[in-house]
Amino acid sequence: MKYLSKRNLLIVLIAAATAYFYSKDGSVTTSVVSTATSFALPLALAAMVGIMCERTGIVNIGIEGTLLTSAFVAFFVSSLTSNILLGLAASIAVGSLLGLLLAVMAVTWKMDQIIAGTIINILATGLTSFLYVQGRTIPSTFPEYDIPKLMNLPFFGPVLFMHGPLFYFGLFVILSLYVALFKTTWGLRSRAVGEHPSSADTAGVSVARLRYINVAIAGAIGGLTGSFLSLELVGSFERGFTAGKGFTALALMIFGRWNPLGALAAAMMFGMTQAYANQLMIDQVIQIPTQFIGVLPYILTIIVLAISAGKVRPPAAEGQPYEKADA
Amino acid sequence: MSDTKKKGFDLGNWMIPIIAVAIAMFIAGIMMKLQGADPISAYKTLFTTSFGSVAGFSATLGKATPLVLSGLAVTIGLRAGLFNIGAQGQLISGALATAWAGYALTGLPAFIHLPIALAFGIFFGGFVGYIAGALKAYRGVHEVITTIMLNSIIMALSDYLVVYHFREPGQLLTRTSEIQKSARLPFIFSLPLGFFIAIACAVLAWWIMTNTTSGFRFETVGRNKFAAWYAGISVKRTLVMAMMISGGIAGLGGAVETLGVTYRFEPAFNAGLGFDGITIALLGRAHPLGIIPGAILIGGMRAGASNMQFVAGVATELVDLLMALILFLVTAPLVTRFFKNTTSKSVTGGW
Amino acid sequence: MSDLLEITGLTKQFPGVLANDNISLTVKAGEVVALLGENGAGKSTLVKAVFGLIKPDKGQIKISGNVIEYGDTAGVIAAGVGMVHQHFQLVPVMSVTENIILGDEPRRGFFINRQSSRKQVIELSKRYGLEVDPDAIIEDLPVGMQQRVEILKALRKDVKLLILDEPTAVLTPQEIDELLLVIRNLAKSGVGIVLITHKLHEVMAVADRVLVLRGGKAIGFTSPKESDEAGLAQMMVGRSVVLRVDKKPAKPGKAALEVRGLQVLDDRKLLSVKGVDLTVHSGEILGVAGVEGNGQRELVEAICGMRHRVSGQVLVAGVATKDMHPHAVHLAGISHIPEDREKHGLVANYSIADNLVLNQFDQAPFAKGWVRNISQVNSNADAVVEKFDIRTPSAQNLASSLSGGNKQKVVVARELSEDLKVLVAAQPTRGIDVGSIEFIHNQLIAARDRGAAVLLVSAELDEILSLSDRIAVMSGGEIVAIVDSKDADRNYIGRLMAGMKA
Ligand SMILES: Nc1ncnc2c1ncn2[C@@H]1O[C@H](COP(=O)(O)OP(=O)(O)O)[C@@H](O)[C@H]1O
Ligand SMILES: [Mg+2]
């Protein structure tokens, strides 16, 4: 509870600062926050992959690899078929396949889950860099779709309602995951499996099956995130395209205490920091060597974890293969 | 990987990587075929280039040197229950620090200059490891995340330092000046001295692990932190030490690369060496000596890759693909199943 | 009418242990069948198979005439079987209600119907007179209360068959009586009951029939009418049992271990040891009796330097020991057989030899300076394996390959191998075979006779009664009485354990 208030204080502070800036210069602040939102959403979505997995007790450090592979697949399938919808579908399929691969390694083979995730990351790097070809393009990115009426709201219109379809869908996924995790039978069972699997088992809930399903769905969310990055936000793909977002996502998951809304708030905080830093650079208020702009989130990640990691409690059964009574 | 400790040599254990390599090459071969290349000629070029001549083999060992060290760095971490994904950043810190010591310190005789330059690498690599270790031990931050983040931060930092502070005068490329002749690692019978340093490190690490109280502390912490604490081993200090030593070894890898191969620091030079260390460590089953063949194999592939691209038209990234497949096959119980009926136990901790 | 439960020829082999060997059992409606057997006899294995949690190698299980499939726990529950598991199957971070409804939640569409869930729990708790707070979080509840939740969970569906696996282990004698009453009433209302225990008087009190298991085999059926406690005990262990361990009268010497005003917090940061004073003299065994969860664990951990002492002191031969440093405490002269041997006592994938020197690996003769003397480690191990009769082909085998009893012998051997001043033994015989229990008991007494001060903490009242020279009764985090074991009476101690003024 103590930390909750500290956290809320942070959010309130950021909100207050934003309100203050908004009162001074509305248009710039709006554009800064809307940049921050675009920056935050893929990170938050990627954190959902981690939350889905860890809530049922599977550590997934292969998020980075999942994002990279699905962004790659999204881009190249779109490029080859000239159809971004096919690219999206393919990336979601590939994401869930990687999820299933993790499930096989972690649940069926009971491998060390950190190593299983690392394998996915290395596999993703190897495959995407081997298969990568230069100079391809996609027909178009997912176009921005401004939601009528809502887009006219001051501040909130541009920040929330003037994005592409995958943005809205991603936001929907995050909010639904929150509801599902805490209000539905699926959520109760998933959390029970992540905290104390034998309780779930003895109550007639199949631990292995639920873990498989959840990790595969998580993979699909990873696929969606990959598509969002390559087909909506950026519109291209290069080697090493995801640049550590999958790892940052893990930090957001921890900072957000394995809660979808917490991770979303944490991602927003990251986005705001980045966007404000950019803005201050543009305004020549501060000067940061260009090399450091990109690594700001990483420095922030380490600081944030140094503050919060030891204090939050991860799902108790995380990382441990479940040994049925009949081992 | 625990059962290798006392049992010594177990054929089944060592057949697994060999079979894994064979299967991985087969799968990658199919993928080359699909791309329209000829896998036989590609593999032939790859391996004759790296293992077919003394000069080629020397180049292979040169490539293998930092790999032995980064593999050893990851291995040391695994032994203490830490997964050091940051060998890359530690190696780069070492490479840059060594390069600076190599070009900026002048007028020293080789027998002083060389050790100083190497020590710079060890120290800065170790320092980066220390950061991750201390964050783990005292703040409970998982080393996988910190080391990954540190990799990127150090990449940026080294780039910045070279651009703004250490750039070779009048040079447009982002690189430092060349190191002094007195800081270059010599060749012994046309084989790089650095390779022998690396092997010596591996042997020393193996001896320390199996025969000293420090090794016992490391291993105990790696296998059961609670029992270690209970038995009077300072878990926190051991974790920090392990990360620091691991980083120091990776830093030495960067130093040796700088002093024996590249002779200067240029950010792109060291790409991927640290990451290869992960594959090599797992391939060698986290055994300090077991990593050596893996490092030579991968070093050979790296050494022959560009020639292969030239002759067979296969992208050098084939090596990355091969490594990923090998790693998957070695760690997944696919191949293992045919030899032993064991389930792999956890070697790394939770968050 | 067919039998409620019908087990025929059930066989289950675990690696190295034949846990169930061709066991058959039937239970009718309204009948209480006790499964009696020592730790490791195979009782839990049998009932887990009934619940679909274990796959039998051979044999068949029918409930109300329908065959049970492995893995179909949900189906078994739906068929009207409830089970109170030996190890609580509760999610610590979830509420009582959430735990009770888990697996069959009242719902509205995809959503959990909170109101009706809560109502169900309240009704359930009323119906059986087992009061619980539906919104309390499990980990905040004392063990006895958790047990209640576990029972309610089992009773939630209108059960036809209720299985209770050692439900009384964490209860006071008085709570046990209440539970036995509930069992009798359920049986009267037509529920078939399987009660697992190794406490003979409980069997005598409620069972209609008794099936005795030993080493995985069914020794035979009997009933309280046909047999008495001694007869049951003999069936259980296969020979007549010595209820009292042979020992000479104690010759207590000077105070060796002194605990003064010790206060300790538990994992939930609640004060669980509330100012304990104890003195153990060399040459005596002081037993701490008490229902589990009354602060014994925290007391032991604080004495041994594993848990922070909020206030108070622990002295060895008059010298204060260091807080939160188990090894320093060890060096000060307190040896410790930890309750959780897997976690603190052993490194599972180290050899037995390395485990035997775990707390002295860096001292002579096992190390000379920085270098370990492996041959000394090995010769020490060979000698200890011989002396303590540790059943293993070689001291180089991994500790994880040992059975529970032999693992415990490794820990005991290590702690006893030095010139012993104080020994703190926490649940030293939990979950191990009779042979090992006897061996360890004799070792404790031998240590006492060599002049060590022994503090024995055990949840088994019989163990305390037969080994101790003096008995301290712990309840609610306090030592409520210290009695001489000559004057100790089961009933009297039971009342003290329950926190009653005797
Ligand atoms: N999952 C398991 N794997 C291996 N051995 C087991 C397992 N479960 C129980 N055993 C062994 O089977 C035997 C019977 O155990 P159990 O049924 O729990 O006994 P009880 O409940 O009578 O104390 C013991 O020797 C125990 O060690
Ligand atoms: Mg049992």
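The values are calculated or read from the model by the stated rules, or taken from the named source; none is laboratory data. All of these numbers come straight from a predicted model, not from anything done at the bench. Counting neighbours? That spans all protein chains shown, and the Cβs are built from the backbone with ideal geometry, glycine included. For accessibility, only protein heavy atoms count, side chains too; no ligands or nucleic acids. Shrake-Rupley method; radii C 1.70, N 1.55, O 1.52, S 1.80 Å.
Can you name every residue in region C:483-502 that is within 17 Å of residue C:283 (Cα to Cα) and touching a residue at least 24 places away in the same chain (Cβ under 8 Å)?
Residue satisfying the conditions is C:485 alone.
From the list C:169, C:205, C:187, which one is more than 16 Å from ligand 2 (Cβ to nearest atom), more than 15 Å from residue C:30 (Cα to Cα) and not charged (D, E, K, R)?
C:205
Return a yes/no flag: does region C:53-60 have any residue that is away from ligand 2 (no atom under 13 Å from the Cβ), among the β-branched types (Val, Ile, Thr) and either modelled with pLDDT of 95 or more or at negative phi (or both).
Scanning region C:53-60, I find no residue that is away from ligand 2 (no atom under 13 Å from the Cβ), among the β-branched types (Val, Ile, Thr) and either modelled with pLDDT of 95 or more or at negative phi (or both), so the answer is no.
Residue pairs, Cβ under 8 Å, 6 or more apart or interchain, first in region C:161-172 and assigned by TED's automatic domain parsing to the domain that holds residue C:88 and of a type in the set (Ser, Thr, Tyr), second crowded, with 20+ Cβ neighbours inside 10 Å and part of a strand (DSSP E or B). List them.
Final answer for the pair search is C:168/C:197.
Take the residues in region B:256-308 that are of a type in the set (A, V, I, L, M, F, W, C) and outside any helix (DSSP H, G or I); name whichever of them is farthest from the chain's Cα centre (by Cα).
B:265
If you take the residues in region A:102-111 that are crowded, with 22+ Cβ neighbours inside 10 Å and facing chain B (nearest Cβ under 9 Å), which one is farthest from residue B:29 (Cα to Cα)?
A:111
Among (1) of a type in the set (A, V, I, L, M); (2) open to solvent by 10 Å² or more (accessible area, probe 1.4 Å); (3) away from ligand 2 (no atom under 16 Å from the Cβ), there is one condition residue C:155 misses while meeting the rest; what is its number?
(2)
For region A:276-327, give me each residue that is more than 9 Å from chain B (Cβ to nearest Cβ), assigned to a helix (DSSP H, G or I), closer than 30 Å to residue A:53 by Cβ and without any contact (Cβ under 8 Å) to a residue 12 or more places away in the chain.
Across region A:276-327, the qualifying residue is only A:303.
Which residues, counting only those in region A:72-110, are touching a residue at least 40 places away in the same chain (Cβ under 8 Å) and not in a helix (DSSP H, G or I)?
Of everything in region A:72-110, those that are touching a residue at least 40 places away in the same chain (Cβ under 8 Å) and not in a helix (DSSP H, G or I) turn out to be A:82, A:83, A:110.
Restricting attention to region A:197-207, which residues are more than 7 Å from every other protein chain (Cβ to nearest Cβ) and in a loop (DSSP other than H, G, I, E, B)?
Selection gives A:206 alone.
Would you confirm, using the coordinates I've provided, whether residue C:42 is at positive phi and away from ligand 1 (no atom under 14 Å from the Cβ)?
No: the conditions fail for residue C:42.
Closer than 20 Å to residue C:193 by Cα and more than 8 Å from chain A (Cβ to nearest Cβ): does that describe residue C:58?
no
Test of understanding: among A:270, A:247, which residue is outside any loop (DSSP other than H, G, I, E, B), within 14 Å of chain B (Cβ to nearest Cβ) and more than 30 Å from residue A:19 (Cα to Cα)?
Every option except A:247 fails the conditions.
Could you look through region B:129-145, keep only residues that are more than 10 Å from chain A (Cβ to nearest Cβ) and open to solvent by 10 Å² or more (accessible area, probe 1.4 Å), and pick out the one that is modelled with the highest pLDDT?
B:130
Suppose we filter region C:102-113 for residues that are surrounded by 15 or more Cβ atoms within 10 Å (Cβ to Cβ) and more than 7 Å from chain A (Cβ to nearest Cβ); how many remain?
3
Would you mind stating whether residue C:342 is out of contact with any Gly (no Cβ under 7 Å at 6 or more places or on another chain) and facing chain B (nearest Cβ under 10 Å)?
yes
For region A:152-196, which positions are free of Cβ contacts under 8 Å to residues at least 24 places away in the same chain, crowded, with 17+ Cβ neighbours inside 10 Å and away from chain C (no Cβ under 13 Å)?
Hits for region A:152-196 are A:157, A:161.
Return the residues of region C:185-213 that are in a helix (DSSP H, G or I) and closer than 16 Å to residue C:163 by Cβ; say none if nothing qualifies.
Answer for region C:185-213, where residues must be in a helix (DSSP H, G or I) and closer than 16 Å to residue C:163 by Cβ: C:186, C:187, C:202, C:203, C:206.
In this structure, does residue A:285 turn out to be closer than 30 Å to residue A:201 by Cβ and of a type outside the set (D, E, K, R)?
no
On the given criteria, is residue C:11 more than 10 Å from chain A (Cβ to nearest Cβ) and either more than 16 Å from ligand 1 (Cβ to nearest atom) or over 15 Å from residue C:164 (Cα atoms) (or both)?
When the stated conditions are applied, residue C:11 passes them.
Yes/no per residue for (1) of a type in the set (Gly, Ala, Ser); (2) more than 16 Å from ligand 1 (Cβ to nearest atom); (3) open to solvent by 10 Å² or more (accessible area, probe 1.4 Å):
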residue	(1), (2), (3)
C:81	no, yes, no
C:84	no, no, no
C:94	no, yes, no
C:133	no, yes, yes
C:136	yes, yes, yes
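So which residues in region B:277-289 are open to solvent by less than 10 Å² (accessible area, probe 1.4 Å) and either more than 10 Å from every other protein chain (Cβ to nearest Cβ) or not hydroxyl-bearing (Ser, Thr, Tyr) (or both)?
B:277, B:278, B:280, B:281, B:282, B:284, B:286, B:288 - these are the residues of region B:277-289 that are open to solvent by less than 10 Å² (accessible area, probe 1.4 Å) and either more than 10 Å from every other protein chain (Cβ to nearest Cβ) or not hydroxyl-bearing (Ser, Thr, Tyr) (or both).
Could you grab the pairs with beta carbons closer than 9 Å, sequence gap of 6+ or different chains, first residue in region C:374-387 and over 22 Å from residue B:207 (Cα atoms), second one open to solvent by 80 Å² or more (accessible area, probe 1.4 Å)?
As it stands, the answer is C:385/C:391, since those pairs meet every condition given.
Working only within region C:33-55, note down all residues that are within 12 Å of another protein chain (Cβ to nearest Cβ) and open to solvent by 10 Å² or more (accessible area, probe 1.4 Å).
C:44, C:45, C:48, C:55
Hey, could you check region C:149-178 for residues that are in a helix (DSSP H, G or I) and at pLDDT 90 or above and say which is farthest from residue C:76 (Cα to Cα)?
Restricting to residues being in a helix (DSSP H, G or I) and at pLDDT 90 or above, the top hit is C:149.
Determine whether residue C:74 is more than 16 Å from ligand 2 (Cβ to nearest atom), surrounded by fewer than 20 Cβ atoms within 10 Å (Cβ to Cβ), modelled with pLDDT under 95 and within 8 Å of chain A (Cβ to nearest Cβ).
Answer is yes for this residue.
Would you confirm, using the coordinates I've provided, whether residue A:128 is closer than 24 Å to residue B:279 by Cβ and open to solvent by 70 Å² or more (accessible area, probe 1.4 Å)?
For residue A:128, the condition - closer than 24 Å to residue B:279 by Cβ and open to solvent by 70 Å² or more (accessible area, probe 1.4 Å) - is not met.
Would you mind telling me which numbered condition in (1) free of Cβ contacts under 8 Å to residues at least 12 places away in the same chain; (2) more than 16 Å from ligand 2 (Cβ to nearest atom) residue C:87 fails?
Result: residue C:87 fails condition (2) only.
Taking the residues in region C:19-29 that are assigned to a strand (DSSP E or B), away from chain A (no Cβ under 14 Å) and open to solvent by less than 60 Å² (accessible area, probe 1.4 Å) as candidates, determine which candidate is farthest from ligand 2 (Cβ to nearest atom).
Taking the candidates together, the pick is C:26.
Please pick out the residue among C:126, C:62 that is away from ligand 1 (no atom under 16 Å from the Cβ), outside any helix (DSSP H, G or I) and not small (Gly, Ala, Ser).
On inspection, the qualifying residue turns out to be C:62.
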